[in-house]
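What follows is a set of notes on a single structure, which appears directly below.
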Amino acid sequence: MTIQWYPGHMAKTRRMLVQELKVVDVALELIDARVPASSRNPDLAELVNKPRLMVLTKCDLADPALTDAWIEFYRSRGEKAIGVDLAKGTAVQEIALAVKKMFPQLKRDPRVMVVGVPNVGKSTLINRIVGRRGAKVGARPGVTRGKQWVRGAGLQLLDSPGILWPKFEDQEAARKLAITAAIRDEVFDQVEMAQWLLDFLQEYYRPNVIERYGEPGEEEHFLETIGRKRGFLRSGGLVDVEQAAAAVLTDFRSGRLGRVTLDREGGELGEAN
Ligand SMILES: Nc1nc2c(ncn2[C@@H]2O[C@H](COP(=O)(O)OP(=O)(O)OP(=O)(O)O)[C@@H](O)[C@H]2O)c(=O)[nH]1
Ligand SMILES: [Mg+2]
């Protein structure tokens, strides 16, 4: 199966970022707190030759204990890392302050590049910092189409389209990015994604699953039980598992399955333990 998660416009964005880095003072590297290893671009450290500050977004949707562990882990490796909830705006001003403190001598407003995978919250963060809707946002990958400088709060912020990287060393990282909606839904089989997610949740967040869907049946796959309970039936009474899968993914993405982190180790945290 050839999977196109690295369309031409991402290569173009990457070239644009390299170009803009020449005039940028600092890069904010956004990673999704639900997938703090899988949403980290392995190319970025090499690409960005400027100071970096890691921002874990969507902390409100992630497992708080694991978010703390990941921040601790990255800090222990010498990274600057801050966790934020962009839905509420928690800790956003801390980021603006941290950036300004980095450049006390600068006569102009610091230029800040905001980078990360699609849908991680780059445009939302910029809007939160400047306190207005300067950048377009949306709950699907690929909302921002071109670069845009947004000024405010004593900063110049560069919004850019999300980028992925051409190769995933493990397919699991790609799948997790699809589950968190960083990769378009058309790329992976939704039923397979939902089944994987249900298995994962049953292993690590069982009470959340039971609370939302009840106990899985013995005789059939969990997705069928869920679909039948919700009345997702095709003609002839067969359960529409595609529809059930879409519902499970929507539940997960909106936090209705509780606060969940999918990267328990992703290699890196495992190394630290
Ligand atoms: N719950 C929650 N939702 C968030 C958070 N940050 C962003 N979102 C939501 O995530 C979605 C994507 O946000 P955007 O700011 O458009 O993401 P982006 O990184 O600019 O995405 P692209 O431009 O597509 O690359 C929106 O629906 C936001 O409301 C957060 O911290 N918590
Ligand atoms: Mg955007």
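Which residue pairs have Cβ atoms under 7 Å apart, sit 6 or more places apart or on different chains, and have a first residue in the stretch 25-36 that is assigned by TED's automatic domain parsing to the domain that holds residue 68 and modelled with pLDDT of 95 or more and a second that is among the small types (Gly, Ala, Ser) and away from ligand 2 (no atom under 16 Å from the Cβ)?
From the stretch 25-36, the pairs are 33/62; 33/83; 34/62.
Only one of these conditions is not met by residue 124: (1) within 10 Å of ligand 1 (Cβ to nearest atom); (2) assigned to a helix (DSSP H, G or I); (3) closer than 27 Å to residue 245 by Cα; (4) of a type outside the set (Lys, Arg). Which number is it?
So the condition that residue 124 fails would be (3).
Within the stretch 135-166, track down each residue that is of a type in the set (A, V, I, L, M, F, W, C), in contact with a Ser or Thr (Cβ under 8 Å, 6 or more places away or on another chain) and more than 6 Å from ligand 1 (Cβ to nearest atom).
135, 163
Can you go through 175, 140 and tell me which one is under 17 Å from the mean Cα position of the chain (by Cα), away from ligand 2 (no atom under 16 Å from the Cβ) and either without any contact (Cβ under 8 Å) to a residue 24 or more places away in the chain or in the same structural domain as residue 84 (by TED's automatic domain parsing) (or both)?
The unique qualifying residue is 175.
So which residues in the stretch 127-143 are assigned to a loop (DSSP other than H, G, I, E, B) and touching a strand residue (DSSP E or B) at 6+ places or on another chain (Cβ under 6 Å), if there are any at all?
Within the stretch 127-143, 134, 135 qualify.
May I ask you to list the residues in the stretch 55-80 that are in contact with a helix residue (DSSP H, G or I) (Cβ under 6 Å, 6 or more places away or on another chain), more than 14 Å from residue 124 (Cβ to Cβ) and within 15 Å of ligand 1 (Cβ to nearest atom)?
Correct list: 67 only.
Go over the candidates 112, 130, 117 one by one and state the one that is of a type in the set (A, V, I, L, M), farther than 18 Å from residue 48 by Cα and within 16 Å of ligand 1 (Cβ to nearest atom).
Step by step, each of 112, 130, 117 is checked, and only 130 is of a type in the set (A, V, I, L, M), farther than 18 Å from residue 48 by Cα and within 16 Å of ligand 1 (Cβ to nearest atom).
Taking interchain pairs and intrachain pairs at least six residues apart, which have beta carbon atoms under 7 angstrom, with the first residue in the stretch 87-101 and outside the structural domain of residue 33 (by TED's automatic domain parsing) and the second surrounded by fewer than 15 Cβ atoms within 10 Å (Cβ to Cβ) and not in a loop (DSSP other than H, G, I, E, B)?
none
Have a look at 67, 57, 90 and point out the one that is within 16 Å of ligand 2 (Cβ to nearest atom) and of a type in the set (S, T, N, Q).
Answer to the check: 57.
Yes or no: residue 109 touching a Leu at 6+ places or on another chain (Cβ under 6 Å), modelled with pLDDT of 95 or more and of a type outside the set (A, V, I, L, M, F, W, C)?
So residue 109 fits the description; yes.
Being in the same structural domain as residue 253 (by TED's automatic domain parsing) and more than 27 Å from residue 261 (Cβ to Cβ) narrows it down to one of 211, 203, 220, so name that one.
Only one candidate qualifies: 220.
When you scan the stretch 86-105, how many residues do you find that are in a loop (DSSP other than H, G, I, E, B) and under 16 Å from residue 158 (Cβ atoms)?
1
Keeping to the stretch 120-137, report how many residues are more than 8 Å from ligand 2 (Cβ to nearest atom) and polar (S, T, N, Q).
1
Pick from the stretch 143-172 the residues that are within 19 Å of residue 262 (Cα to Cα) and of a type outside the set (Asp, Glu): which of them is farthest from ligand 2 (Cβ to nearest atom)?
Among those residues, the one meeting the criterion is 171.
How many of the residues making up the stretch 21-59 are surrounded by fewer than 17 Cβ atoms within 10 Å (Cβ to Cβ) and under 15 Å from the mean Cα position of the chain (by Cα)?
1
The values are calculated or read from the model by the stated rules, or taken from the named source; none is laboratory data. None of these values were measured; they are calculated from a predicted model. Positions of Cβ are backbone-derived with ideal geometry, glycine not excepted, and every protein chain shown enters the neighbour counts.
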